[in-house]
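Remarks on the structure that follows.
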Amino acid sequence: MITLENVSKSYTNDGTPALNNVSLHINKGEFVFIVGDSGSGKSTMIKLLLRELVPSSGRIIVNGVDLSKLRRGKIPKYRRNIGCVFQDFRLLKDRNVYENVAFAQRVIQTPTKKIKKNVPQMLSLVGLPEKYKSKTKELSGGEQQRVALARALVNNPPILLADEPTGNLDPRNSWEIMKLLEEINRRGTTVLVVTHNREIVNAMRKRVITVKKGVIVSDEEKGEYIDD
Amino acid sequence: MISTLGYVFKQGFKNIFRNKIFSLATVATISACIFLFGLFYSMVENVRYSIQKAETNVAVTVFFNEGVTEAQIMQIGDAIRARSEVSSVEFVSASDAWESFKVDYLGEYADGYEGDNPLEGSENLEIYLKDVSKQSELVTYLESVEGVREINHSDVTANILTQFNRLLSYVSLGIVGILLAVSVFLISNTVAMGIAVRHEEIGIMKLIGATDFVVRSPFLIEGILLGLIGAAIPLVAVYYIYINIIEYAAQHFVILNDLLQFKSTREIFSVLIPVALILGVGLGFVGSFITIRKRLRV
Ligand SMILES: Nc1ncnc2c1ncn2[C@@H]1O[C@H](COP(=O)(O)OP(=O)(O)O)[C@@H](O)[C@H]1O
Ligand SMILES: [Mg+2]
């Protein structure tokens, strides 16, 4: 599903690269944690997968698409294969919950009829069926992240990327979001989660890839959060 | 597709209201620009029209030395007719001249002159021009023709009118040009503001996989709408001003009626409306396009 071959990324010409010769492979349907200190290159990896950035060298293949051969005009289509959520939720603050989720379908030209059917379904899946009229800024952090998840999933992407999705949440909400991600994975979506949450990583017993200063230092099935 | 177009248009509209002050300033500038354009256009068109009307009445009259025969005059007339700036040449015999003089100036008192023609020897050629600005050229030529005694022409009105109109065209083009540039600048700034305000939303759209079309169109529509509104307002204003001026002139400056010929509202506005609207849309398009190209790359 996701393959990185000797991928390096430098933001500047001099100094150390944010990612240094990284290779990894993630199969369809896997659930993978990516952990590592702040500044180790995790978000850079996410941005490369979203084709927000291009690698300085190496090859990235996602869902059969070689990103180095992806033309500019094809990027939007490609991104529709990937749902993503972030630490800061990135919701539209001036619109309600329903509109935030519908937005994802509107901008990719889904017929209104389908939107009306899909959005409530997604909101039930993330456990917010009643809040569709609320403005997003009136919601708790946990609820906001659920809305973001609903938006990421409403277009049915085969891959979900989550960059520190629980970074702004209390332990209870963090657990609920992680459980939701696990449920989404169980339904067939390949899930990649960047996190600092040691407790959850150690409890969930998933594949854990540890990055340190731009290099993968450990990659284990049913792994644990590794400290220095 | 329908829902996307709906989204695109709705966002375009919303953008305008999201930064009201900038939108207002932009519409005001475009309005000023199109308003002046409309005024200048109507003025230049009407002056041009008046000149055209006047030109058909302005003639150069050539008188000949005694002894020049009618046949010779006809020959000279043919040579003049062959010139490019000349539209027609008419031979006026002494008796023709007298007849028209009687009609024009004497009326019923003409009876006393029965029998003899006081304008004997006044046979002449009346030359009508296609282009009044070439009049002095023609006069120079006529002065060189053998047998010509006198050349009457009234270059004053025609030339002044032509020059005034030319000046007016240049000045208006200059002012409208400057305002056009200012309008484009303001539109592109208003759109840039909109893009800055919606920076986050644009980022999200791109992540979700919105095409350039969907990301950019609202801003293009914003610019075009600003241009359209900015063009529509002054059109209405110029329309009312125009019909009022025509009416006022017709009532209060009857003497001018011969000199100043107004084109009908329909004639003026059948050109002005489409041109102004296209100008408005064009301004909006160019202004927003410049910004979008600069700031909205995926
Ligand atoms: N846009 C950027 N320009 C320059 N350097 C950057 C940029 N983004 C990230 N970096 C650097 O790249 C390294 C990795 O950053 P990042 O991928 O955000 O780490 P993480 O997400 O693991 O905390 C850091 O040293 C960071 O300072
Ligand atoms: Mg990060």
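When you look at the Cβ of every residue in B:208-219, what mean number of other chain Cβ atoms sits within 10 Å?
5
Can you sort B:Ser288, A:Ser43 by 1.4 Å-probe accessible area, starting with the largest?
Heavy-atom accessible area, descending, gives A:Ser43, B:Ser288.
Probe radius 1.4 Å, ligands and nucleic acids left out: can you give me the accessible area buried at the A-B interface, summed over both chains, in Å² to the nearest hundred?
2000 Å²
Quick check: convex hull of the Cα atoms in chain B, volume per residue, rounded to a whole Å³?
Dividing the Cα hull volume of chain B by its residue count gives 178 Å³.
Can you compute the equivalent ellipsoid semi-axes for region A:83-122, i.e. the square root of 5 times each eigenvalue of the Cα gyration tensor, sorted largest first and rounded to whole Å?
Values: eigenvalues 70, 23, 19 Å².
Working through the eigenvalues yields semi-axes of 19, 11, 10 Å.
Looking at chain A only, what percent of DSSP beta bridges run antiparallel? Nearest 5 please.
Antiparallel bridges make up about 50 percent of those DSSP assigns within chain A.
Could you sort B:94-101, A:12-19 so that the peptide with the highest average Cβ count within 10 Å comes first and the rest follow in order? Spell out each step's value before the answer.
Numbers: B:94-101: 16.0, A:12-19: 13.2.
My ranking of the peptides, most packed first, is B:94-101, A:12-19.
Over chain B, what is the mean sequence separation of C-alpha contacts under 8 Å (at least six apart), divided by residue count, expressed as relative contact order in percent?
With pairs under 8 Å counted, the relative contact order is 33 percent.
So, with +1 on the Cβ of K and R and -1 on the Cβ of D and E, and no other charges, what is the size of the charge dipole of region A:99-228 about its Cα centre, to the nearest 20 debye?
Here region A:99-228 has a charge dipole of around 840 debye.
What FRET efficiency would be calculated for the residue pair B:Phe164, B:Glu200, taking the C-beta separation as r and a Förster radius of 60 Å, to the nearest 0.05?
On the way: r = 56 Å, r/R0 = 0.94.
So, using R0 = 60 Å, E works out to roughly 0.60.
Quick check for me: using +1 on Lys/Arg Cβ and -1 on Asp/Glu Cβ, what's the dipole size of region A:92-156 about its Cα centre, in debye to the nearest 20? It would help to have the intermediate numbers written out before the result.
Working: 13 positive and 5 negative charges, 47 e Å.
So the magnitude is around 220 debye.
Put +1 on the Cβ of every Lys and Arg and -1 on every Asp and Glu Cβ in the protein assembly as shown; which of B:Trp98, B:Pro274, B:Ser122 then has its Cα farthest towards the positive end of the dipole?
Selected residue: B:Pro274.
If you take every DSSP beta bridge fully contained in region A:40-170, what fraction is antiparallel? Give it as a percent rounded to 5.
40 percent
With springs connecting C-alpha atoms under 10 Å apart, model chain B as a Gaussian network and identify which of B:Leu167, B:Leu186, B:Leu235 has the largest mean-square fluctuation.
B:Leu167
Can you give the mean number of other chain Cβ atoms that lie within 10 Å of the Cβ atoms in peptide A:186-197?
Per residue, the average neighbour count from other chains is 0.
Solvent-accessible area per residue for chain A at a 1.4 Å probe radius, Å²?
46 Å²
Largest first, how would B:Tyr240, A:Tyr225 line up by accessible area (1.4 Å probe)?
Sorted by accessible area, descending: B:Tyr240, A:Tyr225.
Based only on Cα atoms, what Rg/Rh ratio does the protein assembly as shown have, Rh being taken as Kirkwood's radius? Numbers along the way, then the final one.
Details: Rg = 40.1 Å, Rh = 30.0 Å.
Answer for the protein assembly as shown: 1.34.
In region A:92-156, if the dipole is taken from +1 on Lys/Arg beta carbons and -1 on Asp/Glu beta carbons about the Cα centre, which of A:Leu128, A:Gln109, A:Leu139 is farthest to the positive end?
A:Gln109
Quick check on region B:3-48: take the gyration tensor over C-alpha atoms, sort the square-rooted eigenvalues as a ≥ b ≥ c, and tell me if it's rounded (a/c under 1.5), prolate or oblate.
On the way: a/c = 8.96, a/b = 2.35, b/c = 3.81.
It is oblate, given that a/c is not under 1.5 and a/b is not larger than b/c.
Of B:Gln72, B:Ile221, B:Leu235, which is farthest along the charge dipole of chain B in the positive direction, counting Lys and Arg as +1 and Asp and Glu as -1 at C-beta?
B:Ile221
If we restrict to alpha carbons, what Rg and Dmax does region B:10-93 come to, in Å?
28.3, 86
Report B:His199's accessible area, 1.4 Å probe, all protein chains in place, as a number in Å² to the nearest 10.
130 Å²
In chain A, carbon and sulfur make up what percent of the accessible area (probe 1.4 Å)?
Using a 1.4 Å probe with all protein chains present, chain A comes out at 46 percent carbon and sulfur.
Which order do A:Arg59, B:Arg81 take by accessible area at a 1.4 Å probe, largest first?
The most accessible residue leads, giving B:Arg81, A:Arg59.
Tell me, which residues of region A:58-101 get at least 50 Å² less accessible area when the other protein chains come in, versus the chain alone (1.4 Å probe)?
A:Arg72, A:Pro76, A:Arg79, A:Arg95
Please check: in the Gaussian network model of chain B (C-alpha springs, under 10 Å), which one of B:Leu161, B:Leu36, B:Leu142 has the largest mean-square fluctuation.
Among B:Leu161, B:Leu36, B:Leu142, the largest mean-square fluctuation in the Gaussian network model of chain B belongs to B:Leu142.
Please give the solvent-accessible surface of A:Phe86 in Å², to the nearest 10, using a probe radius of 1.4 Å with every protein chain present.
Counting only protein heavy atoms, A:Phe86 exposes about 20 Å² to solvent.
Need one value: the accessible area of B:Ser84 in square angstrom, 1.4 angstrom probe, rounded to the nearest 10.
90 Å²
What does DSSP give for the protein assembly as shown in terms of the percent of beta bridges that are antiparallel, rounded to the nearest 5? Working shown, then result.
Working: 33 of 51 bridges.
Expressed as a percentage, antiparallel bridges in the protein assembly as shown total about 65.
Test of understanding: in a Gaussian network model of chain B with alpha carbons linked when under 10 Å, which of B:Asn152, B:Asn15, B:Asn189 would top the mean-square fluctuation ranking?
B:Asn152
Which value, in nm² and rounded to one decimal, describes the direction-averaged projected area of the C-alpha convex hull of region A:113-159?
Computing the convex hull of the Cα atoms and averaging its projections yields 3.4 nm².
Provide Rg over Rh for region A:12-156; use the alpha carbon set for both Rg and the Kirkwood Rh (inverse mean inverse pair distance).
In region A:12-156, Rg relative to Rh is 1.01.
In debye to the nearest 20, how big a dipole does the protein assembly as shown give about its Cα centre with +1 on each Lys and Arg Cβ and -1 on each Asp and Glu Cβ? Intermediate results must be reported in sequence, preceding the final value.
Values: 60 positive and 55 negative charges, 1290 e Å.
Once rounded to the nearest 20, the dipole reads 6200 debye.
The values are calculated or read from the model by the stated rules, or taken from the named source; none is laboratory data. These numbers come from a predicted model, not from an experiment. FYI the Cβ positions are ideal-geometry reconstructions off the backbone, even for glycines, and counts take in every protein chain you see. These area figures cover heavy atoms from the full protein model, side chains too; ligands, DNA and RNA do not enter into them. Shrake-Rupley method; radii C 1.70, N 1.55, O 1.52, S 1.80 Å.
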